[in-house]
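What follows draws every value from the coordinates through simple rules; no lab data is involved. On a predicted model such as this, the values are computed, not experimentally measured, just so you know. Counting neighbours? That spans all protein chains shown, and the Cβs are built from the backbone with ideal geometry, glycine included.
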Amino acid sequence: MAHVAIRLMGGLGNQLFQYATGAALAQRHGVPLLLDRGFLDHRPHDMTWTPRAFELDRLRAPIAFAPASLVRALRRPWTMRGYRHLHRLLPGRFPMHGYREQGTGFDARVAALKPPIYLEGFWQNEGYFAEIAEQLRTQWFVPRDAPDARNSELMARFASEPCASLHVRRGDYVTDPQTAALHGICDAGYYARAAEALIARCDVQRFVVFSYDPAWARANLKLPRPADFIDHNTGDASHWDLFLMSRCTHHIIANSSYSWWGAWLNPSFTKVVIGPKRWYKGIDAPAHDILPAAWIAL
């Protein structure tokens, strides 16, 4: 049976990119989307990546998993040099059903892939799933559970009072040397400049700060307008910060797929989103590889 299978890696933000890209390709061909969670469940011990759990089950997106035997069959040719050589010579007789991401920019070749196909990468570009944007925002990337009283109150307030979300990404970007070398962090100066730019453009009167390190944010952010610090969504409720962000009017994001989605899930055509012009410290990748064209790189 034809299908699109996609490898899940990283936290919720990355899993959203991977799901969205796979879902768009599967829907284009009218075939099922199968998720490979093997890397999340059995991360190789010699890898320094931060351990992550499967988090898509917190949403209403349809979920079906790829059997391990299918994943092995689809990925095996990638590890066989002889097969790769035969594929180059006789692609019709020795097909490759796997496709790995090539760099950080949008890869137009993905749209031409035909099932059965296995995708491996991060796919951090809305071009891969723009055609199903409304479905993602309104049907699939919606919390499965109802908000508690505090989140319900905040969502209502953000909808009625213009405000800007501001996300501070720290965690393993700071504590893990290899992750820090690759990603780097957005410092307090970036947030101060972004806040001033947003005020000049939109006259923002209040900021809503989200971070897994709220103590650092409180101590270091010097914002020119009042700010609320959101710190109650922890553990199994941590995904709610993403949806609180999406209810804000405008957004200042970190170099983080999590806050990227917090801004993208806001469907407003008048929102202003500011993101860092350098997404990776250790890779020379321009901001337009990841930030949508309408967003501001600072």
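Please list 140-147, 160-167 highest first by mean number of surrounding beta-carbon atoms within 10 Å per residue. Please report the intermediate quantities before stating the final value.
On the way: 140-147: 14.1, 160-167: 20.9.
Per-residue Cβ counts within 10 Å, averaged per peptide and sorted highest first, yield 160-167, 140-147.
What is the set of long-range amide H partners of residue 208 at a cut-off below 5 Å, with H atoms built 1.01 Å from backbone N?
So residue 208 has HN proximity to 164, 165, 166, 228.
Through the Karplus equation 6.51 cos²θ - 1.76 cosθ + 1.60, θ set to phi - 60°, convert the phi angles of segment 215-230 into ³J(HN,Hα) values in whole Hz; use x for Gly and Pro.
Running phi through 6.51 cos²θ - 1.76 cosθ + 1.60 with θ = phi - 60° gives 5, 5, 4, 5, 7, 10, 7, 10, 9, x, 9, x, 9, 9, 10, 8 Hz.
Kindly write out, for segment 60-73 in residue order, the coupling ³J(HN,Hα) from the Karplus curve 6.51 cos²θ - 1.76 cosθ + 1.60 (θ = phi - 60°), rounded to whole Hz, with x marking Gly and Pro.
After applying 6.51 cos²θ - 1.76 cosθ + 1.60, I find 8, 5, x, 10, 9, 9, 7, x, 4, 5, 5, 4, 4, 5 Hz.
How do 259-265, 215-221, 126-132 rank on mean C-beta neighbours within 10 Å, highest first?
Numbers: 259-265: 24.6, 215-221: 14.3, 126-132: 17.6.
In decreasing order of mean packing, 259-265, 215-221, 126-132 become 259-265, 126-132, 215-221.
For a quick check: sort 41, 228 by the number of other beta carbons within 10 angstrom, fewest at the front. List each step's numbers first, then the result.
Numbers: 41 10, 228 14.
Listed from fewest to most nearby Cβ atoms, that is 41, 228.
Extending each Cα 7 Å along its Cβ direction at residue 142 and residue 268, get the distance between those two points in nm, one decimal.
Going by the 7 Å Cα→Cβ label model, 2.0 nm.
If amide H atoms are built 1.01 Å from N in the plane of the peptide, which residues on other chains or at least 5 residues away come under 5 Å of the amide H of residue 59?
Excluding prolines and chain starts, which carry no amide H, the hits are 144.
Enumerate the amide H contacts of residue 98 below 5 Å, restricted to partners 5 or more residues apart or on another chain; note that Pro and chain-start residues carry no placed amide H.
Hits under the 5 Å cutoff: 118.
Fewest first, what order do 186, 202 take by the number of other Cβ atoms within 10 Å?
202, 186
Rank these for me by crowding, 252, 296, 290, going from fewest to most other beta carbons within 10 Å. It would help to have the intermediate numbers written out before the result.
On the way: 252 31, 296 16, 290 24.
In order of increasing Cβ crowding within 10 Å: 296, 290, 252.
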